[in-house]
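Here's the structure we're looking at; comments come further down.
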Amino acid sequence: MWPEHPAPLDLANLADEVQWLDSSESTNTHLAGLPAPSGTRLAATWNQTAGVGRMGRTWISPPGKCLALSVELGPQLTPKDMTGQWRGLLPLLVGAHLAQALSTVVSGVTVKWPNDVQINGKKVAGILGEMPAPGRVIVGVGINVGLEDTELPTEQATSLFLHDVEHHDGSEHHEVAHCESAPEETFSEVVRVFLSGLTASLSRATIAIPGPLWSMVRDLVSTIGQEVRVTFPGGREMIGTAVDLDQYGRLIVRTSAGATEVVAAADIEHLRPA
Ligand SMILES: Nc1ncnc2c1ncn2[C@@H]1O[C@H](COP(=O)(O)OP(=O)(O)OP(=O)(O)O)[C@@H](O)[C@H]1O
Ligand SMILES: O=C(O)CCCC[C@@H]1SC[C@@H]2NC(=O)N[C@@H]21
């Protein structure tokens, strides 16, 4: 069972400043309200009461069941030009590292463009990048950890608990729980893999994104190759096949009439494999 009151995670040394919060309205908003840090700053809680999602939506986090974690990248890790290649690629890079970390305890993890992490096509985590002031970048992730099926906010959502990973010991048999360690220990390790991977990638790539990093991201984006419905801000819709990701993290979509559209911001629905 996932504990009703999970213990704080051990996030020591994962950022220059680490704040574990008993509760927070929104860990992103919490960090944005603090003065800019001189290094990286991390805030996390099991009890986020007014989580913010993409496009002003609500992020639902039942108490004790959903990890809310935000990191302000700080001067050393913030990409120098957030108007160019990084704008679209940063959320994808975060998603790719989170997918890799979750893959240590469950199989079938991919990234749905632009910013959802899914297990077998269902959303297990969402990512929200925000720039509260020029040069400040905060990346927030909400991970559905202990939700039972009656607690899922939508039919398209899932949780790690539903994949039996709360005691996972890192062995090959992802669907079976064998280990004696506390679920919080397992999950602290997942977060450690996620943040250390993200930090290492960012420290290698503050100006442009190296090709191998872009390829790593592209390989995890399950949207490529799918037939998709694209809904642009404003409501225009388009159906086509997502054929690739460009160097700016935009999705290339080809319609059946042969037109190609480069999509920078939109909601995507996977219809069926093309
Ligand atoms: N804990 C949560 N887990 C999953 N989805 C959530 C949660 N809380 C709120 N939602 C929101 O429910 C809505 C429906 O989720 P759905 O999986 O259909 O994704 P979507 O519309 O493709 O989402 P997105 O716009 O983030 O890509 C989304 O806006 C999603 O962000
Ligand atoms: O899929 C989405 O719409 C993005 C959800 C992002 C949720 C996380 S939880 C931690 C951080 N704090 C927030 O208020 N939102 C992000």
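The values are calculated or read from the model by the stated rules, or taken from the named source; none is laboratory data. The structure displayed is predicted, hence computed values, not measured ones. Please note: Cβ atoms are built from the backbone with ideal geometry, for glycine as well, and neighbour counts cover all protein chains shown. Accessible surface areas use protein heavy atoms only, side chains included; no ligands, DNA or RNA. Shrake-Rupley method; radii C 1.70, N 1.55, O 1.52, S 1.80 Å.
General observations
- When the range 146-162 is limited to residues that are within 17 Å of the chain's Cα centre (by Cα) and among the polar types (S, T, N, Q), the one that is surrounded by the most Cβ atoms within 10 Å (Cβ to Cβ) turns out to be Ser159.
- Only one entry in Leu98, Leu77, Leu67, Leu89 is within 15 Å of ligand 2 (Cβ to nearest atom), crowded, with 19+ Cβ neighbours inside 10 Å and under 18 Å from Leu213 (Cα atoms), namely Leu98.
- Criterion (buried (at least 18 other Cβ atoms within 10 Å of the Cβ), in contact with a His (Cβ under 9 Å, 6 or more places away or on another chain), of a type outside the set (A, V, I, L, M, F, W, C) and outside the structural domain of Gly249 (by TED's automatic domain parsing)) met by exactly one of Lys112, Lys122: Lys112
- Taken over the range 232-274, the criterion of being within 13 Å of ligand 1 (Cβ to nearest atom), open to solvent by less than 80 Å² (accessible area, probe 1.4 Å) and more than 13 Å from Trp113 (Cβ to Cβ) is satisfied by Phe232, Leu271.
- Index of the failed condition, Arg192 passing every other in (1) at pLDDT 95 or above; (2) open to solvent by 60 Å² or more (accessible area, probe 1.4 Å); (3) farther than 21 Å from Thr45 by Cα: (3)
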